[in-house]
Amino acid sequence: MTALRRVFPPRPVETAHRARKALVGMVAVTACASLAVGCGVIPGTTGGAEDDPVKVMTWAPDHTRATNKPGMPAMAEAYARWVNANGGLDGRKLEVVSCNERNDPTSAGNCAREAVKKNVAAVVGSYSQHGRAFMGPLESAGIPYIGGYGLTDEEFSSPLSYPVNGGQPALLAGNGRQLAGVCERVSLVRPDTIAGDSLSKLLDSGLAQDHRAASTDIRAPEDGTDYTAQAEQALARASRGGGGTGIASASVSGGKRAGQGRAGCVAAALGTRTDTFFDSFRRTEDDYPPVRTASVLGSVDQSLIDRTGGAKGPYEGAYVTGWYPDGSDRRWSKMREVIREQAFGDNRVDAADAGVQTTWIAYTVLKQAVESLNGDSVTPRSLRRTLDQGLRVDTGGLTPLLSWRFEDMLAASDYPRLVNAAVTFQVVRDGRLVLARKAFVDVEKTLESAR
């Protein structure tokens with residue numbers, strides 16, 4: 001695949017800033033020479049770019065009727081407190097500006113324009129499904145978007161985007177791979193939104209890897225309060241239609257679940273409304289033959305499983321595809337330590353939340369990118385340069401090594417910026433999300449085959 005990369009020239013403000021610094025430096029040298037005395041730094045201070053704080057922004061929706069991710073800005077703020085208490089980013093203070101994206105394109109665009117106005121070096125670890133609204137202002141200002149949640153096409157196509165996971169595309173393709181071995185038929189319940197329109201295609205690409213039939217695509221309002229109609233449709237199609245009570249082979253959660261052979265499966269990917277769907281599903285499923293259930297990280301996580309009854313809840317036995325190791329894995333120990341130290345008692349910050357985890361990884365990228373500059377100014381341009389020129393980021397095994405060189409990107413025409421196609425297969429067992437397969441599963445070929 002051949003692609004044209006957009007080139008972003010230095011911003012006038014950056015060029016002027018460098019010119020002023022050069023002029024100030026020449027004046028200082030001249031003054032030292034004329035006075036014939038040694039000029040140095042006042043003891044206890046450090047002159048130069050290392051004095052400037054690294055200012056970034058993190059945005060996410062909060063207090064909306066749809067998916068809310070308040071833990072992402074809260075995790076960013078906790079990370080800043082932690083890193084500043086331990087010497088900063090390569091000696092610089094980290095300053096985080098938060099913005100409520102409100103699940104609204106106007107607000108998403110406003111957050112991006114605020115980032116430009118406040119001269120942030122990057123937008124880091126953020127959530128929005130309105131890529132068209134926020135990416136334009138960032139591109140105009142040359143501000144990199146590091147570690148978005150992965151909901152929009154723009155996050156996997158803009159040359160200023162540096163994704164840390166495979167986003168919704170990898171999750172749905174991976175979920176199809178995971179379900180292909182256990183499901184005869186699959187119904188997918190997904191949001192009736194622009195971002196949701198591609199989900200069935202992605203799930204089907206995974207199912208096709210094992211020669212399974214395409215899923216039934218069931219649209220649902222992303223802010224619905226009752227999904228009975230969608231649950232009935234999903235159950236009818238997954239169980240070959242019709243009512244009538246089937247023979248329950250497992251009843252750990254009080255509802256029916258299919259046995260060990262291939263059966264119908266109902267998958268839901270509705271963000272925080274997934275629990276609302278499964279509440280309707282529980283009240284409906286007894287009228288249909290048994291099916292298995294499935295979802296993806298971000299729609300189902302450990303905190304949701306705990307709140308809904310654990311091993312006796314509706315998610316027992318569910319298949320869940322994620323980007324990262326499960327939340328109890330030792331590789332998250334440093335993040336959990338930071339949360340205990342800097343966000344103790346803050347209910348917004350849940351170590352099992354995919355948004356919190358993505359924010360942690362995104363700030364890990366920022367930290368290593370700043371350190372790679374070796375004391376140079378931290379600007380949007382310098383961050384883009386070090387990321388584009390092959391910086392390899394080690395996330396401690398939470399992802400494969402991350403790098404955004406052109407040659408590191410997938411040969412998937414729809415997702416040219418995607419560099420990490422690894423997912424994890426998980427299952428809810430005894431009320432806990434655990435890995436069903438220890439190793440990462442690479443869905444690169446699955447994504448490349450998606451049409």
Checklist outcome for this item: The residue from Leu207, Leu199 that alone is in contact with a strand residue (DSSP E or B) (Cβ under 8 Å, 6 or more places away or on another chain) and under 13 Å from Ala269 (Cα atoms) is Leu199
Item to check | Pick from the range 316-344, criterion at pLDDT 95 or above and aromatic (Phe, Trp, Tyr), ranking: nearest to the chain's Cα centre (by Cα) | outcome: Trp323
Next on the checklist: Against the definition (under 22 Å from Ile194 (Cα atoms) and over 17 Å from the mean Cα position of the chain (by Cα)), how does Gly87 come out, yes or no?
Outcome noted: no
Checklist entry - Ala208 is checked against (1) in contact (Cβ under 8 Å) with a residue 24 or more places away in the chain; (2) open to solvent by 10 Å² or more (accessible area, probe 1.4 Å); (3) hydrophobic (A, V, I, L, M, F, W, C); (4) closer than 20 Å to Phe277 by Cα and fails just one. What number does that condition carry? => result (4)
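Scan the range 418-430 for residues that are part of a loop (DSSP other than H, G, I, E, B) and either surrounded by 19 or more Cβ atoms within 10 Å (Cβ to Cβ) or at pLDDT below 95 (or both) and report the count.
4
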Next on the checklist: Against the condition open to solvent by 20 Å² or more (accessible area, probe 1.4 Å), of a type in the set (A, V, I, L, M), in a loop (DSSP other than H, G, I, E, B) and closer than 25 Å to Leu447 by Cβ, how does Ala411 come out, does it pass?
Outcome noted: yes
Checklist entry - How many residues does the range 135-178 hold that are in contact with a Lys or Arg (Cβ under 8 Å, 6 or more places away or on another chain) and either assigned to a loop (DSSP other than H, G, I, E, B) or among the aromatic types (Phe, Trp, Tyr) (or both)? => result 11
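Based on this model, can you work out whether Ser200 counts as in contact with a helix residue (DSSP H, G or I) (Cβ under 7 Å, 6 or more places away or on another chain) and surrounded by 18 or more Cβ atoms within 10 Å (Cβ to Cβ)?
no
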Checklist entry - Taking the stated definitions as given, is Val123 among the β-branched types (Val, Ile, Thr), touching a residue at least 40 places away in the same chain (Cβ under 8 Å) and assigned to a strand (DSSP E or B)? => result yes
Checklist entry - Restricting the search to the range 210-220, which residues are modelled with pLDDT under 95 and either farther than 18 Å from Ala263 by Cα or out of contact with any helix residue (DSSP H, G or I) (no Cβ under 6 Å at 6 or more places or on another chain) (or both)? => result His211, Ala213
Checklist outcome for this item: Taking the range 431-448 and keeping residues part of a strand (DSSP E or B) and farther than 13 Å from Asp329 by Cα leaves Val441, Asp442
Item to check | Which listed residue is in contact (Cβ under 8 Å) with a residue 12 or more places away in the chain, acidic (Asp, Glu) and assigned to a helix (DSSP H, G or I), from Glu95, Glu114 | outcome: Glu114
Checklist entry - Does the range 291-310 include one or more residues that are open to solvent by less than 10 Å² (accessible area, probe 1.4 Å), more than 24 Å from Thr359 (Cβ to Cβ), part of a strand (DSSP E or B) and of a type in the set (Ser, Thr, Tyr)? => result yes
Next on the checklist: Suppose we keep only residues that are farther than 22 Å from Pro290 by Cα and either not charged (D, E, K, R) or not in a loop (DSSP other than H, G, I, E, B) (or both) within the range 221-237. Which one would you say is most open to solvent (accessible area, probe 1.4 Å)?
Outcome noted: Thr225
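The values are calculated or read from the model by the stated rules, or taken from the named source; none is laboratory data. Please read these numbers as outputs of a predicted model, since none were measured by experiment. Virtual Cβ from ideal backbone geometry, glycine too; neighbours counted across all protein chains shown. Side chains included, ligands, DNA and RNA excluded: accessible areas come from the protein's heavy atoms. Shrake-Rupley method; radii C 1.70, N 1.55, O 1.52, S 1.80 Å.
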